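Please treat every number below as a calculation from the coordinates, not as lab data. Since this is a predicted model, take the numbers as computed values, not measurements. Backbone-built Cβ (ideal geometry, glycine too); neighbour counts: all protein chains shown.
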Amino acid sequence: MISKPATGKYPFVKCVPAEGFRGQQVFDIGLCVSCGLCSRDCPAKAIEMVEVNGKKRPLFYLDRCIFCYQCAESCPRNAIKATDIFELATTDKSSLVVKPTTTQKNSGA
Amino acid sequence: MTNLAMWARLKSPWVIHFNSGACNGCDIEVVALLTPRYDVERFGIKLEPSPRHADVLLVTGSVTKQCADRLKRIYDQMPQPKFVVAIGACACSGGVFQGTYGTLGGVDKVLPVNAYIPGCPPRPEAIIDGVVKLLNALAAPPAPPKASEEEAATEAPAEEVTEVPAETAPDAPEEVKKDAE
Amino acid sequence: MPSNGIDILKILEDKLQNKPVQIVPGTLGTAAIITKSGSHRDVFQILVDADEKTAVVSITGIDLGENLGVYYHVRTSNALLTIQIEVPKANPTLASVNDITPSAAFHELEVTDLIGAVFEGNPSSGHFVLPDTWPEGVYPLRKDVNACEVKLDPPAAEEKSDDGKLVKIVIGPQHPALLEPEKFVVLVEGETVREVRPRIGYVHRGIEKASESRTYLQDVYLVERICGICNSCHACAFVESVEKILKLEVPPRAKYLRTIILELNRLHSHLLTLGHAGLEIGYETLFQYFWRDREPIMDITEILTGNRVISSSMTVGGVRRDLKETDIPKVKAVLSGLKKRLPFYVKVYREEPTIGLRMQKVGTLKRENALKLGVVGPVARGSGVDIDVRKDAPYEAYGEIPFKVITYDAGDTWARMNVRMDEVEESINIIEYALDHLPEGPFRVRAPRVVPAGEVVNRVEAPRGELFYYVKSNGTAFPDRVKVRTPTFANIPAFLTTAVGEPLADVPPNFVSLDPCFSCTDR
Amino acid sequence: MIDYPLLIFRVLVFPGFTFILLFTMFCDWVERKVEARMQNRMGPSFTGPHGILQPIADFIKMLTKEEITPCDSKRNVYKYAPILALSVLVFAMAFLPIDGSSVIPGVSFAGDLIFVMALVSVANFMLFLAGWSSTNPYSAIGAARVMTQFLGYDIPLVLLALVPAFLAKSLTISTIVASQWLPFAILAPWAFVLFIITMQAELEKDPFDVPHAESEVVAGHETEYSGGKLAFLKLARDVQIVFGAALITVLFLGGANGPVPFGFLPELWGTLWFVLKVLVIVVLSEYLTVLFARLRIDQVVRVNWQFILPLTVLSLILTLSLAYWVYPMV
């Protein structure tokens, strides 16, 4: 009747989502051709094209993002890649806006 | 004394969950938190049925026009100090439903929000992470100017008993004609 | 008893020879029946007389410019008919068929609220799904209305109405028995329920309208979020509709993968409801156990699609992600693990005395009432009506996979829950069969972004029952009209009738046995 | 002569007020932990070692929260009912010989069993008042259910409490405890089982927790309460559960009776035995709670009048005959 609890150890043990989990996207500015397809196809209007050094680049609003990865699929140059970062919670909404910088690492939280 | 109160507050955040027009995706993840895999009772988090008992309001879903008023009312029914957590893309900003005629957008259009948990839906782990981050932010001295704490300090001073309209817990009672026999 | 083997079109043709009725076979389901207001009542009468399973699946109200189109989608035991009527926008009235088949009542009210067609004989009182303070005469689904700009007044204080000796108990919008905001005013006398008045629409987001301003590609994600529980079913129903208009053949591997994802959806939904029922009758342990065993299903959904809940795996032309050969053993291990636990749960549901006390003879829906109200899914099957879209009109790979349609005859809460209990096992079998017979080949084909003009209807068996989609395209990248009829919408009338006369304490178990999903209902 | 410092110590600290409250919170933790483990969960874990401080944290937190009084509540009743319920229960508890003698030495009098049972009813009535005074339909229904249930189950409860009284030939709690060299649970197991079931109903625990049916009446009579009053209301309920267990211990398990190894500090050992027995009952009752679904109010009432009450009377008759003809011979 009393068996070992089925409770996981999170948050004390890091949780590793299954391979292929749709976490935060990583954008590689080096591959971007400023086509704007990601922004056009985004169902949640979470991607805005902003000017960086004279070129239009995608700006991600993670608070709107529904993590469907349509942007990654639409991108002709695979500039948007998957990660399994999901611990994005924050007490400050403005930290959820991910600006297109040269190389992007985990910027959530 | 304040330390003790703070300790108790951090160790016993009772939550109430309100769906303000979500697709159920976030809601089932919130409920999943109670179940063996995640079991947030470990941290003293309890899901309370009545807003009067709760400390944290978990809101899921873009706020529909029909629900906005209700959401505000539930927030008003909660005793100070109280906190709001927006769970999921819809609660954070309206998500995929931005610009539909039935919704207002994120929860912050209606209430002061203390923590945002993006995701569609966020994993239960992400929700735990969000609550932990909220509690850490509360514990961090000096407390950052949290909207609701300020309100607590200004709007409800020394006065211990706040009068509220009769329409109280979960739903406004229309009338109590039945006397307890 | 007439059931299958009725040639409903022939009967109609025979009986409607002198009426202004035109029958076009092969469009919008089995056939489209184009008629005028007034004559449609005759059509309904013939259908109801000929086939006991006749029920209104949905009514699509559509803005056709000068006219309003009112399309009754009718299900018979072996056909899906669409009765098309046009009424002038200036005077959009037509006769209700509520008295011929009560299954139309809810749908007619919805059409009245959203597009403004008035049904004589089915008067609406107040808004049905729109907010209470929504201005009169503004119908959001009409093309000339910019509903986003409608400003609402602050809500008026709720007026106190007098119901004599009855006590009014308001369940919702925030109530522990409902995970979703929805209001049910229950009038009780002592502890006995005398009337239930629903007020749905708290989750009305306006998705049908919103889908008209988004591309087909974006709409897949939008309709998926109509309901987070049966999300894949919505996505599947929508992409199938688009594929029908495009006349796109989906590769067989994609069909099987879709079937697997749909069944995973059903599995987790059924386990969720079975557990939730435990919560409603105060059996928390049952809830915890079911949800514990539901977690592995979520894990394999994540392996397959990349998210625990909303899979986002359907796309026009196939699925977005292939199933890796290495993942198949993982999925199978989880399924066989669950299969081992099942007999225990079946035993609990069948034999636990307190469950029997709380569920048996609660909310009994007789077979004839189930037919009359047009309920769908496990609710219908719990009342002994063997309707299941997977069998009646097979889609995806269901035509090739053997499975049973579970029916129980009792019609009470207990029967409905047991239908789900048995369907869990069937679902596991279906997934295992699909995994064993997974065809090789591509998992998606490219689909054009612009869809030619056309209109289709499509049905999918969601965990809660028949999910209905009507999609009309106008030759652009944006759909002209998307109409969604969700299973809970069809099942709510059953709750309203069965709750009456029973104790208040029976309301929650009765209610949860419908597996209500309001984000579906309201859209 | 009365030893005042000792008396004050006994009333306020041990085995009086402080001890009872801390023990109640401990039992609350045990309950939550047992429930969690039975449901394959962990339960409170990180508030103190193994989460043992969780109930204290909850209590302190509720004390620090804002108190809201609904404006058309019956103000005074609303305000004092929770604290009265709590004090009545703690007072009743003071009659139970926790460490071998009652909290105030010598307070025990002939027939105090009846008095204690009456206090239980009064406490229940306070809980009803708490719900009734908050003028919320859910509270009102919850309160009405509390009332219905305790009116029904009080009768068998009192009748069953007479079983040990007959066996001990006394209505005095201390005499009942003293005469249990062999616990009455063994002498009259039928009454013991019935008493546990009835207690389960009296304490509103599953399968009889109708007044707390979340899915129907939200939080029942507690719905409107917040802050400190809620803290006392919840505490009163927890004390009630411990009190029920303690009553079972006293009446059927021989209270603080138990072997005293090494022959020193009988009070300490007595308390230990008492606490252990209470814990066993608490765990048992939580076990039942976890195992069953909730009945409907009409079913609860029907169970009482159709089964519990006749069985109670039967068990009383059986006990009487045994006590007068069989046991004296043994």
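Structural remarks
- Reciprocal of mean inverse Cα separation for segment C:321-417 (Kirkwood radius, Å): 15.9
- Scattering curve values for segment B:2-154, log₁₀ I(q)/I(0), Debye with Cα scatterers, q = 0.20 Å⁻¹: -1.30
- FRET efficiency, D:ILE52 to C:VAL346 (Cβ-Cβ, R0 41 Å, nearest 0.05): 0.60
- Cα Rg over Rh - the protein assembly as shown, Kirkwood: 1.00
- Per-residue shielding of A:44-52, expressed as the average number of other chain Cβ atoms within 10 Å of the residue Cβ, stands at 3.
- Each label point was placed 7 Å from the Cα along the Cα-to-Cβ direction; for C:GLN360 and D:SER321 their separation is 3.3 nm.
- Fluctuation leader among D:ALA178, D:ALA92, D:ALA81 - chain D, Gaussian network, Cα springs under 10 angstrom: D:ALA178
- Counting Cβ atoms of other protein chains within 10 Å of each residue's Cβ and taking the mean over peptide B:26-33 gives 5.
- Compactness of chain D as Cα Rg over 2.2 N^0.38 Å, two decimals: 0.99
- Shape of segment C:342-471, Cα gyration tensor, a/c cut at 1.5: oblate
- For the pair C:GLU400 and C:ALA90, label points projected 7 Å from Cα toward Cβ lie 5.7 nm apart.
- The calculated FRET efficiency for the pair D:LEU22 and B:VAL132, based on their C-beta separation and a Förster distance of 41 Å, comes to about 0.90.
- For the residue pairs C:LYS183/C:LYS391; A:LYS56/A:LYS81; C:LYS89/C:LYS483, the C-alpha atoms sit more than 23 angstrom apart in C:LYS183/C:LYS391.
- Three principal axis lengths of segment A:26-98 [C-alpha, angstrom, descending]: 33, 24, 21
- For segment C:8-141, the alpha carbon convex hull comes to 101 Å³ per residue, rounded to a whole number.
- Entries of C:LYS143/C:LYS244; B:LYS72/C:LYS472; A:LYS45/C:LYS472; C:LYS340/D:LYS33; D:LYS33/D:LYS229; C:LYS15/C:LYS361 with Cα pairs more than 31 Å apart: B:LYS72/C:LYS472; C:LYS15/C:LYS361
- Packing, as the average of other Cβ atoms within 10 Å across residues, places the peptides C:334-341, C:255-262, B:46-53 in the order C:255-262, B:46-53, C:334-341, highest first.
- For segment C:189-233, a crude dipole built from +1 on the beta carbon of Lys and Arg and -1 on the beta carbon of Asp and Glu, taken about the Cα centre, is about 160 debye to the nearest 20.
- Likely footprinting exposure, D:VAL300, D:VAL11, fewest C-beta neighbours within 10 Å first: D:VAL11, D:VAL300
- Cβ-based exposure ranking for D:PHE274, C:PHE44, in which fewest neighbours within 10 Å come first: C:PHE44, D:PHE274
- Ordering C:VAL118, B:VAL56, C:VAL376, C:VAL450 by the number of other Cβ atoms within 10 Å of each residue's own Cβ, fewest first, gives C:VAL450, C:VAL118, B:VAL56, C:VAL376.
- Mean partner shielding of peptide D:16-22, defined as the number of other chain Cβ atoms within 10 Å of each residue Cβ, is 0.
- Kyte-Doolittle mean at least 0.5 and Cα axial length at least 18 Å: DSSP H helices in chain C: C:231-246
- Of the peptides C:132-140, D:15-23, the ranking by mean beta-carbon count within 10 Å, highest at the top, reads D:15-23, C:132-140.
- For the protein assembly as shown, the Cβ-based charge dipole about the Cα centre amounts to some 2300 debye (Lys, Arg positive; Asp, Glu negative; other atoms uncharged).
- Size-normalised alpha-carbon gyration radius of chain C, reference 2.2 N^0.38 Å: 0.95
- The label-point distance for C:GLN22 and D:LEU314, in a model that sets each label 7 Å from Cα toward Cβ, rounds to 7.9 nm.
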